[in-house]
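Below is one structure, written out as structure tokens, with a few remarks after it.
The values are calculated or read from the model by the stated rules, or taken from the named source; none is laboratory data. Computed from a predicted structure; not experimentally measured. Note that we place each Cβ from the backbone using ideal geometry, even for glycine, and neighbour counts take in every protein chain shown.
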Amino acid sequence: MRFVNSYLSKIKEYVIKNNLTYSIDTMGCQMNENDSLKYSGILESMGFKEADSKTANLILFNTCCVRENAENTLFGRLGFLKSRKIKEKNVYIVVVGCMSQQKHILDKIKVSYPFVDIVLGTNAMSIFPEKLYNAIINNKKSIEYIEVGNEIEEEVPIKYDDKFKASVSIIYGCNNFCSYCIVPYVRGRERSRTPQDIINDINELAKKGYKEIMLLGQNVNSYGNDFKEDSLKGYTFPKLLKEIEKINGIEIIRFMSPHPKDFSDELIETIKNSKKIARQIHLPLQSGSSKILKEMNRKYTKEKYLEIVEKLKKADKNISFSTDIIVGFPNETEQDFKETLDVVKKVGFDQVYMFIYSKRVGTRAANMTDETKPEEKVNRLERLKSLYEEMLPELNKKMIGKSYKVLVEGKSKNNDKLFTGRTSQNKVVVFEANKQDIGKIKNVEIESEHLWYLKGKIVDD
Ligand code: SAH
Ligand code: SF4
Ligand code: F3S
């Protein structure tokens, strides 16, 4: 489905005449960040200009519901806006994203925050302009539940916020139903974009000077599994990576998240042979205990996970790993948790995103009994964090004395003379450089490590 929308131009005249502005508040994952860029694109096509959240006419919340605490954040911010909505003219409040696919959230908005103008789900960008038209021109609110459709919306205007790095969604939705996770319920079933649509987008980005591409999906390596057309059947994620590799101008390819259960040898081979795929793999572990992994419905064991890591390390010893870990899943025992620590020790992660299990209504794990005390869960999180931070300097030190290709991203925030960039391993490096180096890839030799970043010097002549 192509995004053509007559309402864009219908509303533009009014928006420009009244000088309307917008601000977007994004919660959640990179998929949501990418969707927000599209909402910016749509709003700017309608004539809206970006502004501060305190003064903007239209405030759009792109929500996440993967853990419970985000709900309070949203309601707090909505409550804060009530007085503006009463006092000022031309203030519009829009809630989109994952939370809006939950009926209890809609009910709460209707009852406690009736001043919200529009609530839209996760796959409804093409009806957004019409809803907005109705809200602004006809003073008509729209707070209703919309089932996640199966259509992919192509050619949605998108406003990138970076000049050299861009994210591109390749697959929407998720079929995995990990027992703790709400995402499959709010994002619907897996829908892969066609290789042609993806390649076209990346070609365009390359022409505009983008160097680094982040391919996005809840499970990027199940890309293509849903293709039904004969011409696309059998088209896999590694194949897509090989096509993208051929695009001139794109120098770094990243992706997230792959699922360990679908991490094929062909994918490992593709990474090994690629000159562009980043030497950093985000491989969500969730738990190191095979028993808990089974309860989580992750479909791999501790051994299988470690085997993939070993194969990748063998393919290229420079590959670094990052991961997501949940502690305190229902009835995770001390022994189970120690298995997680064991995997952390064995892999040596450069980045660990760690979360305390949060019960999500509607998921299978929500019905499991849970005897572990909340204090114990916090304690495990702390212990995991300490282990990770203890190991990090050692991993960093291994990089000292070696040189790495770094995409120079811009000036360092804290020091005017220094610039920052990331290595292929996604390590932040600061170094002296010139303004002209921004957007270029330079060889940087690492000189020292500072836990969260490295210092180095450019060694190109
Ligand atoms: N599709 C991705 C993850 C998307 S959600 C994947 O499978 O890796 C991002 C992370 O949030 C997950 O990896 C998981 O670690 C965490 N998460 C998901 N549901 C959670 C829950 N109910 N409680 C705590 N953390 C959760
Ligand atoms: Fe959630 Fe699992 Fe799907 Fe990731 S793969 S989005 S954790 S159900
Ligand atoms: Fe959150 Fe939705 Fe992403 S629930 S993690 S924003 S897919």
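Could you check residue 150 against (1) assigned by TED's automatic domain parsing to the domain that holds residue 64; (2) without any contact (Cβ under 8 Å) to a residue 60 or more places away in the chain and say which number it fails?
Every listed condition holds for residue 150 apart from (1).
Report the residue count in the stretch 82-99 for those that are away from ligand 2 (no atom under 16 Å from the Cβ) and at pLDDT 95 or above.
Of the residues in the stretch 82-99, 6 are away from ligand 2 (no atom under 16 Å from the Cβ) and at pLDDT 95 or above.
Under 30 Å from residue 295 (Cα atoms), touching a helix residue (DSSP H, G or I) at 6+ places or on another chain (Cβ under 7 Å), buried (at least 16 other Cβ atoms within 10 Å of the Cβ) and modelled with pLDDT of 95 or more, is that true of residue 263?
Here the answer is yes, as residue 263 does meet what is asked.
Could you list, in sequence order, all residues of the stretch 187-232 that are among the basic types (Lys, Arg) and either within 16 Å of ligand 1 (Cβ to nearest atom) or outside any helix (DSSP H, G or I) (or both)?
The answer is 187, 189, 191, 193, 208, 211, 228.
Could you check the stretch 367-379 and list, in sequence order, the residues that are more than 16 Å from residue 336 (Cα to Cα) and either aromatic (Phe, Trp, Tyr) or surrounded by 14 or more Cβ atoms within 10 Å (Cβ to Cβ) (or both)?
Within the stretch 367-379, 368 is the sole residue that qualifies.
Which condition breaks for residue 16 when tested against (1) surrounded by fewer than 17 Cβ atoms within 10 Å (Cβ to Cβ); (2) within 16 Å of ligand 2 (Cβ to nearest atom); (3) not charged (D, E, K, R)?
Of (1) surrounded by fewer than 17 Cβ atoms within 10 Å (Cβ to Cβ); (2) within 16 Å of ligand 2 (Cβ to nearest atom); (3) not charged (D, E, K, R), only one is false for residue 16: (2).
Look through 270, 301, 236 and report the one residue that is surrounded by fewer than 17 Cβ atoms within 10 Å (Cβ to Cβ) and among the polar types (S, T, N, Q).
Only one candidate qualifies: 301.
Can you tell me which residue in the stretch 365-386 is farthest from ligand 2 (Cβ to nearest atom), limited to those that are within 24 Å of the chain's Cα centre (by Cα) and not small (Gly, Ala, Ser)?
385
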